[in-house]
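The values are calculated or read from the model by the stated rules, or taken from the named source; none is laboratory data. Computed from a prediction, not measured in an experiment: that's the story for all the values here. Reconstructed Cβ throughout: ideal geometry from the backbone, glycine too, with neighbour counts over all protein chains shown.
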Amino acid sequence: MTALQSWPVEREFDPKNMPFRRLGPSGLRVPVFSLGGWLTFGDTVVGDPVKDIIKMAYDNGINMFDTAEGYAGGKSELEIGRVIKELGLRRTDLIITTKLFWGVRKGPNDGGLSRKHIVEGTQESLARLGLNYVDVIFAHRHDPHVPMEEIVRAFNYVIEKGWAFYWATSEWGAREIEEAHHVANKLGLMAPIAEQCKHHMFHRERPEKEYHELYKKYGLGTTTFSSLAGGLLTGKYNDGIPDDSRYAAHSAIFKETIAGLRSPEGREQIRKVKELTKLAEEELQTTIAALALAWVAKNPNTSTVILGASKPEQILENLKALEVIPKLTPEILRKIDAILKTTPEPLPTHGRPALDKFGRI
């Protein structure tokens with residue numbers, strides 16, 4: 001036991017068959033699948049069920065847990081911090097990430113990305129988690145009301161104080177990420193190493209096209225969320241919205257999504273889900289959910305896919321995706337794209353022949 005850990009270690013980490021990848025350009029290794037607390041921990045899932053879910057994840061090779069100050073008004077951080085100690089997990093075996101922006105109060109400086117909130121918000125997050133540091137701290141949104149230099153300097157201050165090892169962004173546009181890199185380079189400071197973005201079979205334009213140049217220039221990695229489209233890519237909404245579903249439990253958040261399912265576009269998405277389900281079952285002997293998760297994980301720019309779970313058994317179901325990743329051959333990927341028809345349009349060539357795909361692009 002070191003000064004960094006005040007609770008006894010009772011459970012050793014065994015990565016099992018979990019593959020690990022570098023988080024963006026950093027040396028930090030993260031599991032291909034991680035676990036997040038959005039809309040679950042501290043909200044619909046509290047107490048011992050949180051421990052059961054995290055234990056199931058940890059015992060199956062997941063050692064990265066993602067949360068945010070804004071998740072359940074800080075209660076998600078409280079739950080994760082409590083469970084880490086109750087399970088006796090070694091801090092150095094874990095990758096803990098949290099996010100700042102929304103705050104837990106409504107004061108004029110209790111949110112956003114001012115230096116004041118980044119510094120004070122980090123300290124409050126660590127207090128709720130009961131930890132000395134997090135591995136990565138994310139800017140949960142871009143703040144157009146704060147100079148980028150202030151944002152970059154503040155996150156680097158947090159790193160210099162030893163409260164985090166890296167910083168990253170979440171739901172930032174490519175232009176804003178680019179600006180952060182330019183400012184960090186000018187000042188000789190650390191730039192964001194990753195972007196936490198939505199990425200699933202029906203949401204591809206930003207992660208696959210808008211960020212394309214960032215992957216090449218900075219080695220940016222993604223920590224993807226909502227990779228099952230809130231459950232749409234499990235097939236559970238094919239015949240309506242079940243009472244125990246995420247859409248039903250958080251109808252205010254998913255109001256537009258629910259309305260969209262009744263539109264012609266929504267009905268077309270459900271048709272595609274049914275066709276993908278057939279492909280998954282007949283050609284890959286798996287579920288549509290495992291296929292959808294493996295498809296995101298297959299992307300070379302994905303560092304980790306953040307899973308959500310309200311029951312321990314959902315962890316095991318989702319981790320079946322590990323068996324599917326190597327089955328996603330170029331032929332299978334072409335079949336998926338033929339069903340989806342969501343591949344982002346390539347950049348225009350303005351009448352010139354396309355460049356050789358094996359050359360430098």
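Key figures
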| item | result |
| --- | --- |
| Qualifying residue in region 265-279 (condition: hydrophobic (A, V, I, L, M, F, W, C) and free of Cβ contacts under 8 Å to residues at least 24 places away in the same chain) | no |
| Close pairs from region 233-244: first in contact (Cβ under 8 Å) with a residue 24 or more places away in the chain and on the phi > 0 side of the Ramachandran plot, partner outside any loop (DSSP other than H, G, I, E, B) and surrounded by fewer than 18 Cβ atoms within 10 Å (Cβ to Cβ), Cβ under 8 Å, at least 6 apart | GLY235/LYS274 |
| Residues of region 143-164 classified as surrounded by 15 or more Cβ atoms within 10 Å (Cβ to Cβ) and closer than 18 Å to GLY188 by Cβ, total | 12 |
| Only one of LEU291, LEU284, LEU261 that is within 16 Å of GLY235 (Cβ to Cβ) and touching a Phe, Trp or Tyr at 6+ places or on another chain (Cβ under 9 Å) | LEU261 |
| Filter result (surrounded by 16 or more Cβ atoms within 10 Å (Cβ to Cβ) and on the phi > 0 side of the Ramachandran plot) within region 102-136 | GLY103, GLY112 |
| Pairs where the first residue, in region 78-102, is without any contact (Cβ under 8 Å) to a residue 40 or more places away in the chain and over 13 Å from TYR133 (Cα atoms) and the second is small (Gly, Ala, Ser) and not in a helix (DSSP H, G or I), C-beta under 8 Å, 6+ apart | TRP102/ALA68; TRP102/GLY70; TRP102/GLY111 |
| Enumeration of residues in region 12-45 that are part of a strand (DSSP E or B) and out of contact with any Lys or Arg (no Cβ under 9 Å at 6 or more places or on another chain) | PHE33, SER34, LEU35, GLY36 |
| Out of TYR237, TYR211, TYR215, sole residue that is closer than 22 Å to THR40 by Cβ and either out of contact with any Pro (no Cβ under 9 Å at 6 or more places or on another chain) or of a type outside the set (S, T, N, Q) (or both) | TYR237 |
| Those strands (runs of 3 or more DSSP E) lying entirely in region 84-197 with at least 2 residues touching a helix residue (DSSP H, G or I) at 6+ places or on another chain (Cβ under 8 Å) and modelled with pLDDT of 95 or more | 95-100, 134-139, 164-170 |
| Residue satisfying condition, being among the aromatic types (Phe, Trp, Tyr), within 17 Å of the chain's Cα centre (by Cα), modelled with pLDDT of 95 or more and over 30 Å from ASP244 (Cβ atoms), within set PHE33, PHE41, PHE20, PHE65 | PHE20 |
